Amino acid sequence: MRARTTLLLAVTLTAASGCAELATYARHRGEDLLDVMDLGVTWSAEPGFALYYDLTPFIPIGVGYTNGWFAGLGFGALRFGDRFYEHSMGFIFWGEEEVGWGEFDPFDRETVNVNQAGILGLFSGEPPGPDYFPSCLHYVHLGYVGFVLNLRYLQAVDFLLGWFTVDVCFDDGVRGPAWWGGKNLFGLSPEQHAEPGPELIPMRPRKEAPAVAVAPKSAWEHGRVGAWENR
């Protein structure tokens, strides 16, 4: 009887452990699927303008500046009224793209995703991040409303390979813009390898976003353009 009880307990614990691992595996595959595309509408309290297109990301064309809110599928989650920011500039051979979701400070590069684009941008020496490289980006915002359609190709590969437990984007269990600083195509910083669990817990210190809902209208006059020229 004692042997049977011990065997039953061992089988139960093994089954429970296996179920937990299966649940984690399934959760990661679902997260990878949501990462493949951004699709939704934008709106802002202050007028913005965006007509920007980047083909995978070798041909960036146009300019964009949107600082408002988003509803739809964005950055791996369904969002309804979350803060959204993008600032993009492309001249075919060179471009730079910034995007922020949720909590961010447009003037703090640790809280937004930044990628160089175009042939010249790709050889700038700054490693691109896997979140939006390579991607096909579409930003349109005219006045107070617009839409976003981004196809994130590396994330699509990550989703397919993830079924075989290959994580090419280093993002299984690592969610949210808090991990942009220190993550690139060559891996994660050491403190980012731990599994954060079901809660999206920041794993590195970062500046908190400003309390105001929208960046002041005078942001461009206070050095925004100069910051771009000095990069």
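Exactly one residue out of Ala16, Ala45, Ala10 is surrounded by fewer than 19 Cβ atoms within 10 Å (Cβ to Cβ), at pLDDT 95 or above and either over 24 Å from Val168 (Cβ atoms) or charged (D, E, K, R) (or both), and it is Ala45.
Contact annotation: residue pairs with Cβ atoms under 7 Å, 6 or more positions apart or on different chains, pairing a residue in the range 89-118 that is under 20 Å from Pro134 (Cα atoms) with a partner that is hydroxyl-bearing (Ser, Thr, Tyr) and modelled with pLDDT under 85, are Gly100/Thr111; Gln116/Ser124. Screening Val63 on (1) surrounded by 22 or more Cβ atoms within 10 Å (Cβ to Cβ); (2) under 16 Å from Leu149 (Cα atoms) shows it passes everything except condition (1). If you scan the range 73-101, which residues turn out to be of a type in the set (Gly, Ala, Ser), in a strand (DSSP E or B) and either within 22 Å of Ile61 (Cβ to Cβ) or within 16 Å of the chain's Cα centre (by Cα) (or both)? Within the range 73-101, Gly74, Ala77, Ser88, Gly90, Gly95, Gly100 qualify. Among residues of the range 153-173 being closer than 15 Å to Glu21 by Cβ and modelled with pLDDT under 85, the one that is surrounded by the most Cβ atoms within 10 Å (Cβ to Cβ) is Asp172.
Across the range 104-114, not a single residue is classified as at pLDDT 90 or above, under 12 Å from the mean Cα position of the chain (by Cα) and part of a strand (DSSP E or B).
The values are calculated or read from the model by the stated rules, or taken from the named source; none is laboratory data. Here the structure is a predicted model, which is why all the values come from computation and not from measurement. Reconstructed Cβ throughout: ideal geometry from the backbone, glycine too, with neighbour counts over all protein chains shown.
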